[in-house]
Every structure is written in C-alpha cells, then in structure tokens.
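Shown next, in structure tokens, is the structure this report addresses.
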C-alpha cells in the first residue's frame, strides 16, 4: 500500500510538470527575445561605433587579440583572458575596461554612465547575443626554430680573426682592430690618448670605485717603463677594493635588497650581507664566471658536499628575492609573482632575454613560448627558501654538543637546587617566628596602606625574608575558616580574636613580641613532630594537607595524566601536581601547564600566542557550554567509554578529560618540562586510549570532531611554520595556511558518533613542540545545535616521557596499601602529618621558591653552588664562541612540473610544462630535466654550457658597459628582437670566445679591455666626429660619465680622510652620521630606500637592473650645498688639508687638487682659490657657519670635475 501511494504521487508530479512545460518554454522564449532586443538596441550600436575599429575582423590589427564582433570571440577573449563572463559583471573584463578600472576603453574617452549601466545589465541578463558566427580555432603559434636560430643572439659566437687596418700604429691589442675598422669604414678618426692623470683617475675609479691617492698618481707619472699602466692595472685588480666595486655592479643585476617592499608579514634578510660579501670575495678571487653563476643557482647541489657550506651564501641571488602577500586567497597569485621575479632575474640578468613576457602568452617578438616560461617557473616552484649554516657540519655538531652540555649542566643545577630546597625546608622551622611576625606585619600595614601594590615586597626587603613565603603565611594565619582543623593554631586564633584587626599595630613593640611568642609556640609544635617526618609522610603522604584522600593519585612513573594538572597552579612542581587528582577539577589558564582555555570562538580561534586556526571545516561556531574538566565530561558525571548506556551522574570511573563542543585547551609543554625538572629537549608521546562520545548519551544522534594539534612559536613574524602536526578523529590531517590562519586541508575523516566506537591517539611529541591543543566541535548539520548532547571525552589522555623511565610499580603498590590503612593509625598522627605537610610540601609555608634558594644555602653548599655557577658560565662562554653563521639560501622542495596558467591566471591551469631550458637554446628541441629534484642543477649547467650563445656575451657586454658607460649592446638585459643590435658584433663574439677560453676569468676580461687604446682614449670632443656619431657608438673617444652615488660618496669620505676601508660585515644605515663605511655596506631597503640613494639614481632593488639612470634635479644640488653629510666632509677635508700643508696658501690649494682631481691646478685655478679665500677672510663672519677653507673644500667637492670621470 505504501509503495503504491509513492507511485501515485510521482505520477501526479510528472503530469503537472508536463502541463506546465509549455508555459515555462514560452516564458524562456519571451526572455530570450527581450534579451536580444536589448542587445540590438543598447549594446550592438555601441560596439560598432566605439569598438569595432580596433576589435573586429575589419581592424587592420586586432588590439590585444580581442575581437568583439561575434559572441564566440567576445567570450573567448584575447591576450588578457575572456572578455566577459555571463551573469558575472565583476568578473567581466569588458565592463572593467568601460569603467576605466585598469584598462581604459575606448581610449578616446570614457563612455557615459548610462551606457556602462546598460552593459552591466546586459551581462547580468546572461549577455544574450544573436551573433552566431563561428570562428576558426585560434592557431597555436608555431615557431620555426631553424629560422629563429639565425637571429644574431641565438647564433653561437664564431671565431673571428681581428680585421686588418690601414694605420696600425694606434693598436694596443685586438680590441682596437675591431674598433678602428668600424671607424675607418665611416671615415672617422679617433681622438688621441688621455693624459696620465686622467687615465689613472679613470682606471682607479673604474676598478675600485675610489680615487687614486696623490702618491699613487705621482708613482705612475714618474714610472717611465713601457708596462707602467699594466702595473697599475695589476695593482688595482689585486686590491680587495676591486671586489667591492664590481660587486655593486653585480648586485644591481641581482636586485639586492635586505627587506621587502612591504612591512606587514615582510620577510627580513638580516644575513643578507653574507651574500653581498660572498660576491665581493668571489670577484676578488677571480672565481671563474661559470662557477660564479652556478653557485648562485645551485651551490647546494654542485661540487664536493664537504665544501658546499662555504658557498651556500651564493644562493642569496634567488633566496633574497621579493616575496608577496599571500592573504585573502591570493596565495597562488603571490607564489606565481615570486616565481616570475626569479624567472625575470635569471633570464634578463644572465641570458639577456625577456622571458617574463611569456607568462601570459607566447612572447610577441622572441621565439619564447609559455612552455619555456613555465618550464623555468617550475624549477622555482620546486625550490623553497631556507636559512642554512655556512660553517662545516663539524662546527654545527660541535656547537650542538656545546649547547647540550650547557642544557645538561643547567638541568643538573636545577635539580641540585631542588634537592637543596627540600633539604633546606626543615632547617627553616627555626624561622617560623620570623615569618609569623612578617605575615602579621604585612596584614597590619594593609590597614594603613591598602592601595600599595608593592607592600609585600617592602616588608620582605625590610625583614630580609622571602616575599612569596610571607604572602603564604598571611593567607595561612588569617584563614579563620580552618581554625578547627588546625588545633596547633588554636592559641594563635584565640589571641587573634582579641586584637583590633582594623588598626595598624605593626609598630607596637609589645604586640609584636606577643606575635613572636605565638610563632614560637607553633615552632615548638613543628620541632616536636619533625623527627617523625619520614614516617608520617610515608603513612599519610607529603601532600596530605593539600589533597583530599579521595583525590590522591598513584601515577605510573613517566606518565603525565593531563587532567591531574587542572587543580594545580603554575609554579607547582610536576611531582606534586601528579599525586593530586581532584575529581571534576576545572581547567583554567592559571592551571599548571595550561596556556589557554577557549570556548565558543566562532570560526577562528587563537590556539596559542600568534597562532590562529580556522575550525569552520570541523563545524565550529559561537555556541559554548560547560567547562573542561578532569575525569568527567562535565560537572554532571564521570567518564565512561565502554560503548554501553550509562547514567549521567556516574562517579569517577575513568581517568581523562571531558568537554562540550566548540571547546579547546592548549597545554604549554615547556612549562610542563620545567615543572618536572625535565630536559628542555624532553620528548613525549601523547596518548589517548579512547576518544569519542561519553557513554551517558550512547545511542543518541550526537556527533563530534576531535582534533589534536602540535605547534611551536613562529620562527619569524613573516614565516608561518608554527604547526608541527594535526590530527582529526585519530587520523593525521594535512594543515595549510592562508591569510595568516591555519586550517585542516583535504577530506576529513567521518565524525565520531554515539555508537560505542572510539578512536585512539598515539602522537610523537618532538622537542620542538611547545604547545599541545585539544579541540572538540559539533559535527551535526549546519542548522543543528552544536553543543546539544555532545559529551566529548578523552579517556586515558596523558603524556608519556620518551623514553619511559624504569618502572617502579612495586614501590607505588606498597605505598598505596600503606595509604589505605593510614586512617587506622590515629587521628593525632594525622594532625601532626598535616602540620608538617603545611610547612614542608612543595606549596608549603617553608618551601622557598627556587629563585630564592641560592641565597639561603649554608656555607659549604653555597660554595659548591658557586663552583657550579662558574662552570655554567664557562660552558656558556665556550658554546657562544662557536658561532653558527647562517645565510639566506635555498633547498629543493620536490620535483613537480607546473601547469601553464592560461592568460597568467593561476585559477585557469592548462597543460603541464616540463621543467626545462628554453627550446631556442637547446636547438629547438625541448629537453625535460630529471623528474627528481628541482632542476636547479640542470639549469645551472645549461646556462653555463659551452654551446649556450648568450651567457658569455651578456657578461662581456656588462663588463664593457662598466668601463665605457654603454655596452656593445646598449640594452644589456635584452638581446632579443626589441633590444638593440651590437655596434661591434665581431668584437663581442671575439671577447666572448676568448673569455671562455681563458677560464671565464673576469680579471682577464678587465685586463684585455683596459689595455686597449680604445679604453685609454681621451674624452675630448671632436666636432667632425660628433656630426657623424653623436652618441659615440663607434667609440671614437671615451665617454665622459658621472660617478654613481656609491663611488661619489666613497670618494668624498676618502679625500676627507674619513673613509673606513674595512671589508665586509653587517650592513649599516647610511643615515647614521657616524657611518664612514663604503656605500656598498649601507643597508638597502626595498620598502624605504635611503634618501641619498634614491636622490642620486640608485636602481629599484625590487627588480633586476641593467644600467644606472643619470638624472639632474634641483634637489641634488640642494643636498650638495646644504646637507649635514656634505658639511661634515667639507670640514674634514679642510682639516685634512691643514694637517698636510700647515702653511696654507697656494700650496694647500695644490694639495686639494691633487687629492680631489689627481692633478695639479693651473695657475688660474690657484689664483681663483686664493682670491676666494681672501674675500671670505675680509668679509669676516658671514651667513655661512663654515670657515673660508671649509667653504672652499665644499665648493671643490660640489664641482663637476669631482663628480665626473673623463
């Protein structure tokens, strides 16, 4: 009958649907008609009038690859992705462009608001469009690699014989033949050689970034040997300052910076100077350039593993790159942006190619595909940032052992103090009268100074007693509610009843004497029972005064039942805490080992300081009920997990912890380690015998999720590495981070039901773990009450020491039997045990805090403690002497290929691009790297392979540009189609081949260039040559150049006598007046570049830079004339000149010219100087606060001749 009714109902519904279908169809047709009408009236006319000229089949060039003249073309989109998404205006690029939000279309002016609103409405309607023309599939770009490899940059350098020339007398080496041949082709004649003063200044700045000293200039001028200039070059290349000068050239390419362009979550690079110093050292050592490059890509993977540590700093080339925000769901895009930075730096910096142009589409001009781009990006996606030691593994191990010795000795000291503290307590019975008086004094003075928060500290200091013990005694002596249970205090309470408690009697000597007498009475009672201490404690327990008989526990050695800690406060010893196990004790943040207790947090909870976890995936909400309690699921009844129905008001049945849903508790494992006098690196195993729903609601529809999280503090504010492990319902669960919040990722295990089935947890807890968090959430439907009958329990929850200590169960069993019969041995003995327990137990009245014990030790023990302290200081000093220097480096994180992001959008992945080198550089054939590893090793080898046509050319061109101001290719980072062609292609190839033949030696390259007559030419202007070659592309003279900011500032420090020439070390702010170091060692900020650097054209450290701009703005001159820095240098220079030439006058002026300009002044320049100084002297005190010589020095420092190199 039931089945028949269901069939009848289904038939009825289907019949109704068939009757209504024509009406639905008609309504849909009406809507379609209305939509098309709207399109024809409102949309098509606008597209035809404003868009088709650039975005239709009629356009000569379809802009951005986007056509708008068919429905299919509009939906397919162009280079930037789909033109629109039906019913999603905010995701439609067409509407964004019309709004001038990013793109601005039409370019001639923004359309009226009403038209833009029509487009938005049309998109919301589903973008109805009757234009049904079907376009042919967009053909995939096919690269003819054989043809592409004919482009000059992809043709391997060919061996070229230097050309013969008509007049060889101006030839110093083959470079000159190539240059003179071009000049002769165009009928130009080179200018003559530079004079020796100019030449030594040029080459000294060129190789070291510093001015030559007068003695160096004089030595060169007087050296008449044919190889005099060679000697100068060799001396400068051997100078350690050579590496500093050319490191700065390289750091521009490496976009060196020591922070990020943002401040929030910004990764800092405090060890960044090690990369900079590695570059300096490598250049000074003339490391072959191929190895120089390989180390910066894969130092951790190449060469002998025993020596890699010294090269790891080289990985800063990529490791110190920019990182981007990964918040608000932007993690994938941020990672893609970071990979793009690495690809861009690699390709432009080392290969002279703009590969990043292929991130969103195949390169428009060069034979580079998206597969090429993502083949490289996959290498960096398989690589992760890591700070690594740059010392040998032996040194790391030595430091680890030294630190272990410190920890071990500290633990021995702590245990020694703990033992001495326990042995000290009985001797402190003699101080009972003192503490009674102190407690009475404190209580009395509270009457006259009720708001003095430091009153107890003052009393303790006055009476030379422990402040903590005084406060305990005050509570103890004035707890009148326990007067009857403490008969040994009956005399005190009787006396106290007759005192004026509201009056401060602390200065009354007679009353004070009476108080001391009461203390002596209590002292006598304690002394009478003290000889029986061990017997009484063995019978009744050392904690008899603090723990009810029913709450005393016997714990397996090495076990820490976590619920046992709830009734003990922070500061209690672990041993004392474990023997008390109060039933239904409530966990609070003040409980021993408990960091926090939270309930009803909503979606996101802070599980520990700075660690936020998103629990919405587990069904958390803002409901809360009850507390987290020991051995019970709530205040109602105990824990039972037999899988059988039970009453709700059970007594204590099983050890464990219970809580409602949306509750969590975090334990501080370090606090537990300290409380147990355990090593700081003590390992545990976290165990739960049965976790699930308590038996009292067995068979109900309750369901929960139970999670366990191990965590540690973040290693750095910007590094999210806090979560060590996460478990849900007994199973290990992946944890990920997004927007500064962690969450459980991937499919979750099924919730736990009230069906008698439980899960277990056995989780290793490493020494790194600081926090252990237990979490429960309701797992019902979203509309269900998450805290309705969800009695979550952790039965048998505990930490176990790893490894466990030897079992001592027999002793505990014997103790337990004695405890059970203790009550039969006499009430008087129990009272005596109570008194001693109150005095001597860990929370007792004479239990001096650990930090105060040392000062109370008797002489022989105090001497031993002093020896231990001295030994600990020595051990710490020995450990600190073993420095573990670290560098910002890389390590492989896997070997996964990336999918191509269509239009550069991570949310739109396409085909997989195997990690590989661009096909144009591997003879047009894609050669995937090995599937294992990141591919960095293969990348380093491919870039420096002999057959690579670009690497040697690119670095040769950069070095040439460093000496001449411009490269043979004037676009140093773009050798592609849009880059400039080489002015002397054969010379470039000759240098590249010879460079490789000479072992990739940069110093060989410098020598070869500097020995040429081309380099040694004058910068003299020639009208006839200028008319033909105004840009000096054919090198008929040397280019006159302005010093970059670094050698300019360094030169001022040098000539003024202020320069600190120390090599390497931590960066220092250039804003500090006392900073006299070379500018190379100034802190380079991506977020806020130093004003001096910014003002004088320092490149943006966020991106690789191929050359320095040279601007002239008024602010530069204001800096030169008015800045504190320039004033300090002018004063120092004047003082320097006074020391060198005390007599002053023309001789001092000549000395100034020798220092600043490496030449002697003309007679006219001397006369001008003398006249200026006399005018200043005769004018007396003028507007300037500088002396005449200081003003003269400032004028010379500000001069063009000082700023420029001829």
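Every number in this text was worked out from the coordinates using simple rules, so none of it is lab data. All of these numbers come straight from a predicted model, not from anything done at the bench. Neighbour counts are summed over all protein chains in view; Cβ atoms, including those assigned to glycine, are modelled from backbone coordinates with ideal geometry.
Quick check: from the Cα gyration tensor, does the chain come out rounded (a/c under 1.5), prolate or oblate? It comes out oblate by the Cα gyration axes.
Could you work out the relative contact order of region 558-805, using alpha carbon pairs under 8 angstrom and six or more residues apart, expressed as a whole percent? Let's see the in-between values first.
Working: 700 pairs, mean separation 66.0, N = 248.
For region 558-805, the relative contact order is 27 percent.
Restricting attention to the chain, close to 95% of DSSP beta bridges with both partner residues there are antiparallel.
With 10 angstrom as the radius, rank 155, 203, 579 by how many other C-beta atoms surround their C-beta, starting from the fewest. Mind dumping the intermediate values first?
On the way: 155 12, 203 23, 579 17.
Neighbour counts put them in this order, fewest first: 155, 579, 203.
Rounded, prolate or oblate, given the Cα gyration tensor of region 655-726, with a/c below 1.5 counting as rounded? Since a/c reaches 1.5 but b/c is at least a/b, the shape of region 655-726 is classed as oblate.
Fewest first, what order do 412, 1174, 1164 take by the number of other Cβ atoms within 10 Å? Mind dumping the intermediate values first?
Details: 412 14, 1174 11, 1164 8.
By the 10 Å Cβ count, ascending, the order reads 1164, 1174, 412.
Here 1052, 1038 are placed in order of increasing Cβ neighbour count within 10 Å, fewest first, which gives 1052, 1038.
Taking only DSSP H segments of four or more residues, each worth -39500 (n - 2.57), what value at 222 nm results for the chain once the sum is divided by all its residues, to the nearest 500 deg cm²/dmol? Each step should come with its number before you reach the end.
On the way: 42 runs with 496 residues, N = 1206.
Calculated from helices alone, the mean residue ellipticity at 222 nm is -12500 deg cm²/dmol.
If a/c stays under 1.5 just call it rounded; otherwise compare a/b with b/c (prolate if a/b is bigger, oblate if not). Do that for region 558-805, with a ≥ b ≥ c from the square roots of the Cα gyration tensor eigenvalues. Verdict is oblate for region 558-805. Axis angle, to the nearest 10 degrees, between helix 809-821 and the longest C-alpha principal axis of the chain: 40 degrees. Taking all Cα pairs closer than 8 Å and separated by 6 or more residues, the relative contact order of region 1078-1203 comes to 21 percent.
Seen against the Cα atoms of the chain and their longest principal axis, helix 827-840 is set at about 20 degrees.
Using only Cα atoms, find the angle between the long axis of helix 393-427 and the longest principal axis of the chain, and express it within 0 to 90 degrees, rounded to the nearest 10. Once rounded, one gets 20 degrees.
Short-range pairs are left out: with C-alpha atoms under 8 Å and at least six residues apart, the relative contact order of the chain is 16 percent.
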